[in-house]
Amino acid sequence: MAVYVQRQLDRQPERTYVIEGDADGYWKLAQSLIHGEPYSIYTPPRRVLRMPGFPFFLAGAMSVVGEDHFRVRLILALSGAVACFVVYLLGKELVNETIGLIAAALTAVSPVMAGFSVLFLSETLFAVTMLISLWVLVKLSKVQFRVEDQFQGRLWSVLAGISLAVAFYVRPSWLLMLPLVVFILILSAKEHRTAALTRGLLIIVGFTVMLVPWVYRNYQVTGHFVPTTLWAGPSLYDGLNPRATGDSDMTFFDQENVLNSMSEYEMNQHYTKRAVEYARQHPGHVFELMGAKLVRYWKPWPNATQFKSFWVMAAVSVLFIPVVFFAGYGAWVSRDQYLLLLITVGPIVYFSLIHLIFVSSLRYRLPAEYSLYILSAVGFYQMCFSSRQGKELNPE
């Protein structure tokens with residue numbers, strides 16, 4: 001796939017990237033890190049435009065293979081292979097090795113996952129870090145609330161906070177998982193609420209310690225507390241404005257050019273307020289947009305015009321539709337296994353809800369599909385093998 005993508009771009013001298021805007025920004029930020037320049041792009045400088053996780057990863061690849069697009073794509077392809085392996089680990093931990101292998105095989109043959117893995121976009125790296133954080137949370141959930149297991153429980157709690165933060169450094173929308181995880185942990189503990197509260201606090205501590213360098217750096221360059229980025233406001237307005245359709249159209253940002261008269265922080269606040277005000281005044285349009293965004297998120301084929309060839313749409317749909325079907329069956333046969341459902345269905349529902357507000361597309365669903373494939377593997381096994389063998393597939 002790396003060879004194919006690079007050859008296609010080499011035949012089009014006017015194009016450098018498959019998805020220009022975001023990819024170019026990530027590449028330039030990585031170059032600034034490699035050359036020891038300030039972490040910013042554009043004029044006026046945008047210092048808190050992107051989380052640093054993916055640019056740091058790109059910079060690491062550049063430091064090994066140089067600033068060559070094709071060679072860096074090969075490193076990115078390796079991250080896609082790692083994603084398949086982590087799906088295997090998570091499936092094995094949630095159910096057993098058979099399910100882990102089936103789920104990994106499904107991800108390995110997914111044309112969308114293979115394609116995105118070699119683009120200069122954060123989706124695949126985020127999937128890897130998200131899956132690792134989910135694996136750590138599953139390991140934590142299996143540690144009993146016994147005195148002899150206190151150290152192990154506290155260690156996994158800190159690691160859970162750290163792993164959540166690592167994923168957050170790649171995709172800031174993962175931030176809301178922190179309070180959700182702590183809430184679910186305490187709620188499910190029942191008679192061990194005090195011990196669960198301790199673990200929840202340690203998760204928060206692990207996450208916070210990891211977050212300190214980014215927050216401190218942002219305060220140094222903006223004079224404000226900024227835990228994520230200063231692109232959330234324009235992104236929110238992109239999804240909630242008079243011309244919004246559910247698709248991304250950032251032309252308003254260049255046309256209005258508010259950065260000529262505002263700081264980056266003020267610009268972010270400005271667009272956030274405008275988006276919230278528009279939503280208050282036009283609730284009907286907001287609900288209409290939510291429906292459009294929901295359709296865009298769950299559509300089996302790509303929304304972008306450049307990918308709307310018959311063969312691309314068929315290649316994407318021919319795997320995703322059966323995956324959803326098997327996932328539905330897997331959810332039914334596993335309806336009493338709450339941890340499995342939470343880990344496999346939770347992420348894709350989580351991002352679906354977030355993108356009812358922001359713009360939506362297949363691209364934002366993709367990282368969450370990795371864990372859903374585990375549930376698809378359960379459904380596939382139960383439908384195709386367990387009935388023949390006369391036994392159910394139970395967790396080891």
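Numbers for the structure displayed
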| read-out | value |
| --- | --- |
| Subset tally (residues that are free of Cβ contacts under 8 Å to residues at least 60 places away in the same chain and either closer than 24 Å to Glu20 by Cα or exposed (fewer than 13 other Cβ atoms within 10 Å of the Cβ) (or both)) for segment 247-291 | 20 |
| Tally, over segment 292-304, of residues that are assigned to a helix (DSSP H, G or I), surrounded by 15 or more Cβ atoms within 10 Å (Cβ to Cβ) and under 19 Å from the mean Cα position of the chain (by Cα) | 4 |
| Test: Lys299 is under 30 Å from His224 (Cα atoms) and of a type outside the set (A, V, I, L, M, F, W, C) | no |
| Boolean, Arg199 is surrounded by 17 or more Cβ atoms within 10 Å (Cβ to Cβ), at negative phi, of a type in the set (D, E, K, R) and under 21 Å from the mean Cα position of the chain (by Cα) | no |
| Matching residues, segment 1-48, being over 24 Å from the mean Cα position of the chain (by Cα), among the acidic types (Asp, Glu) and either within 19 Å of Ser248 (Cβ to Cβ) or surrounded by 11 or more Cβ atoms within 10 Å (Cβ to Cβ) (or both) | Asp10, Glu37 |
| Selected residue (criterion: surrounded by the fewest Cβ atoms within 10 Å (Cβ to Cβ)) from residues of segment 305-340 that are closer than 20 Å to Phe385 by Cβ and of a type in the set (Gly, Ala, Ser) | Gly328 |
| Leading residue by the ranking (farthest from Gly21 (Cα to Cα)) among those in segment 210-231 that are of a type in the set (A, V, I, L, M) and either in contact with an Asp or Glu (Cβ under 9 Å, 6 or more places away or on another chain) or in contact (Cβ under 8 Å) with a residue 24 or more places away in the chain (or both) | Met210 |
| Close pairs (8 angstrom Cβ cut-off, 6 or more residues apart or separate chains): among the charged types (D, E, K, R) in segment 24-40, assigned to a helix (DSSP H, G or I) anywhere | Glu37/Gln31 |
| Conditions (1) surrounded by 12 or more Cβ atoms within 10 Å (Cβ to Cβ); (2) in a helix (DSSP H, G or I); (3) in contact with a helix residue (DSSP H, G or I) (Cβ under 9 Å, 6 or more places away or on another chain); number of the one not met by Ile357 | (2) |
| Any hit, segment 218-239, residues being closer than 20 Å to Phe358 by Cβ, surrounded by fewer than 17 Cβ atoms within 10 Å (Cβ to Cβ), modelled with pLDDT under 95 and within 21 Å of the chain's Cα centre (by Cα) | no |
| Hits in segment 57-68 - residues which are surrounded by 17 or more Cβ atoms within 10 Å (Cβ to Cβ) and either out of contact with any Phe, Trp or Tyr (no Cβ under 7 Å at 6 or more places or on another chain) or within 30 Å of Val378 (Cβ to Cβ) (or both) | Phe57, Ala59, Ala61, Met62 |
| Count of segment 41-52 residues which are touching a Lys or Arg at 6+ places or on another chain (Cβ under 8 Å) and either at pLDDT 95 or above or assigned to a helix (DSSP H, G or I) (or both) | 1 |
| Qualifying helices (runs of 4 or more DSSP H) (wholly inside segment 66-173; at least 3 residues being out of contact with any Pro (no Cβ under 7 Å at 6 or more places or on another chain) and within 19 Å of Met51 (Cα to Cα)) | 123-141, 150-170 |
| Residues of segment 225-243 satisfying the condition of being assigned to a loop (DSSP other than H, G, I, E, B) and over 11 Å from Glu264 (Cα atoms) | Phe225, Val226, Pro227, Thr228, Leu240, Asn241, Pro242, Arg243 |
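The values are calculated or read from the model by the stated rules, or taken from the named source; none is laboratory data. If you're wondering where the values come from, they're calculated on a predicted model, not measured in any experiment. Quick reminder, even Gly has a Cβ in these numbers, built from the backbone with ideal geometry, and neighbours come from all protein chains shown.
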